[in-house]
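Undergrad: Dumping the structure here so I can ask a few things about it.
Readers should treat all values here as calculations from the given coordinates under stated rules, not as data from a laboratory. Everything numeric here is computed off the predicted structure, so don't read it as measured data. All Cβ positions, even for glycine, are placed from backbone atoms using ideal geometry, and neighbour counts span all protein chains on display.
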Amino acid sequence: MTFKQEPAVQELKSIYDVYRIREDFPILKIKVRKKTLCYLDNAATTQKPQQVLDTLNKYYTSMNSNIHRGVHYLSGVATDAFEEARIKVKNFINAKSEKEIIFTRGTTESINLVAHSFGRKNIKEGDEIIISNMEHHSNIVPWQLLCNEKKAKLKIIPIDDNGEIIFDDFLKLISNKTKLISVVYVSNSLGTINPVKQIIEAAHKNNIPVLLDAAQSVNHLPVDVQKLDCDFLAFSGHKLYGPTGIGILYGKENILESMPPFMGGGDMISKVTFEETTFNELPFKFEAGTSNIAGAIGLGSAIDYVASIGIDKIAVHEGALLDYATQRLKEVPGLAILGNAKHKSAVISFIFDNIHPHDIGTFLDYEGIAVRTGHHCTQPIMQRYNIPATSRASFGLYNTLEEVDVLVDALKKVIEVF
Amino acid sequence: MLNSELRELYQQVILDHNKSPRNFKKLETANRTAEGYNPLCGDKIDIFLDVENGIVKDISFQGSGCAISKASASLMSTVVKGKTIEEAKKLFEKFHDLITRKLDEDESIEELGKLAVLAGVKEFPIRVKCASLAWHTMLSALKNDDKTVKTE
């Protein structure tokens, strides 16, 4: 085991006690096909710590009520907890004001909100929207729908063989027709961390707003919307150790103010008559209907949990996992890693010439290992590299070096069969 | 060592058909073709048929997919050749019943011949689509239906 180099192990131990942290996640103790679960599908969704589960339980057992406008005790308690969660999100991404934090169902809804509201208002025939070749379908399809409706054009930033955006080509795509740039911060398939700061600077020189799909970044690296100066940022709670069905759209206050509502209904109004409706102020203007109250409070708890460990430390821990896994996977004959960007998050897509990812997935499942196999909702990436699918191991704050060994050993067994 | 369910699924015959698929080419004499696609895993298959007087004179396939889908296509191509359209349809019904646990194995496994090696699929409901993609595509080609067949 010459690859088990001392530095990586030591670094991991010194950053935090991962075995102590694993105790917080009850699901990590379950057996899958008589093997200890080795959960390496964190880019799809993360597991939830007991603290978040307790918060959800506490909400439904002692606080459950509909928020805003209620005059009774429970409604007040629930409203306070909900709005407190909003402030936690605001602080987590360092937004200027909680008015800039809108609760949605997830990243997909956040992007659709911008497409429907900002997009419908500002995109006209002949205009252009720029996205990249490494977008998740959720950052492609809403813009396609909008472009079809408005007879606008979708422009695609190409990527190179390592899975990095070709920056010069991006600059060439910018023109006075460009009305929005929407790019992924961290690629869910390739792990690439995109140079979003430079993208935003280039865009703002031309007065073009930028949306960042941060679904795969808020859980892996510190995100500061004021430093980035992004105009919109979207992410999901469930990839940040929080519940499913809750997500965030951050938007700069002045831009959100200028946007029409996305959905109509309760809570987003201030006065309704049959002749006319005046809309509620931010952020409520964009939160029609009863929100996922438990989800929002649960997300607040997940943010507390992540903050208690420290996102900087999580980034170091996952960086060590990425380095070790990359090194060890290279031991497996015939394995090629897809996505070799210089700046990468702890996501590793890999392929074999002669073994289909689906077969890999089934074999690994029998070792208790959960990886994702398929196109990862990024079919244009598969087309770019001319492959049908990949297997993807993605790491979270609770993964260990031993789990990397379990994966590598299992893969070595698989290739013996084929 | 391999788990017994896995060994049942990935039998030597299947691994062999995966490695060296039979009739894996474009059929120049084809008069019916269809394309199959499984959006779940990206599997793609093209089926080529030479049908004359209701009989499958020749069959071939091309495409990419997992071991189960490739082996299933390869095995299908070897058993369907020379069969009538009706016989091919019936064979698929039996085969589909086998992999979805609707068939009493002892009763009619003999009729399935070589196809019986895919019986292990029944322990893996997620993989039924892999094993049946080639068949659905062939049936579509028999109908001379040019639409892409999807398993989703």
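Undergrad: Taking the Cα atoms only, what angle lies between the long axis of helix B:85-99 and the longest principal axis of chain B, rounded to 10 degrees?
TA: With rounding to tens, the tilt is 20 degrees.
Undergrad: Something else: In debye to the nearest 20, how big a dipole does the protein assembly as shown give about its Cα centre with +1 on each Lys and Arg Cβ and -1 on each Asp and Glu Cβ?
TA: My answer is approximately 400 debye.
Undergrad: Right, something else. Nearest 5 percent is fine: what portion of the DSSP beta bridges confined to chain A is antiparallel?
TA: The answer is about 60 percent antiparallel.
Undergrad: For region B:5-25 and region A:127-196, what is the centre-to-centre distance using only Cα atoms, to the nearest Å?
TA: After rounding, the separation between the Cα centres reads 41 Å.
Undergrad: What fraction, in whole percent, of alpha-carbon pairs in the protein assembly as shown exceed 34 Å separation?
TA: Cα-Cα pairs in the protein assembly as shown separated by more than 34 Å: 49 percent.
Undergrad: Based on DSSP H runs of at least 4 residues, each adding -39500 (n - 2.57), what is the mean residue ellipticity at 222 nm of chain A after dividing by all its residues, to the nearest 500 deg cm²/dmol?
TA: -11500 deg cm²/dmol
Undergrad: Let me ask something additional. Helix A:6-15 versus the longest principal axis of chain A: what angle, 0 to 90°, nearest 10, using Cα atoms?
TA: For A:6-15 against chain A, the angle is about 30 degrees.
Undergrad: Let me ask something additional. Which links in A:34/B:102; A:35/B:70; A:179/B:44; A:155/B:70; A:313/A:342 stretch past 32 Å when you go from one Cα to the other?
TA: A:179/B:44; A:155/B:70
Undergrad: Could you work out how far apart the two model spin labels at residue A:121 and residue A:75 are, taking each label as a point 7 Å from the Cα in the direction of the beta carbon, and quote it in nm?
TA: 3.0 nm
Undergrad: Under 8 Å for C-alpha pairs, at least 6 residues apart: give me the relative contact order for region A:52-308, rounded to a whole percent.
TA: This gives 26 percent for region A:52-308.
Undergrad: Where the centre of each part is set by its Cα atoms, how far does region A:349-418 sit from region A:255-297, in angstrom?
TA: The two parts, judged by their Cα centres, are 43 Å apart.
Undergrad: Relative to the first principal axis of the alpha-carbon coordinates of chain A, what is the inclination of helix A:73-92, with its axis defined by its Cα atoms, in degrees from 0 to 90 and to the nearest 10?
TA: Its long axis makes an angle of about 60 degrees.
Undergrad: Based on the Kirkwood radius over alpha-carbon pairs, what value in µm²/s does the Stokes-Einstein equation return for the translational diffusion coefficient of region A:52-308 at 20 °C and 1.002 mPa s?
TA: 114 µm²/s
Undergrad: Relative to the Cα centre, what is the charge dipole magnitude of region B:4-150, using +1 at the beta carbon of each Lys and Arg, -1 at the beta carbon of each Asp and Glu, and rounding to the nearest 20 debye?
TA: Here region B:4-150 has a charge dipole of around 480 debye.
Undergrad: Now for a separate question. Averaged across the residues of A:357-365, what count of C-beta atoms belonging to other chains lies within 10 Å of each residue's C-beta?
TA: 6
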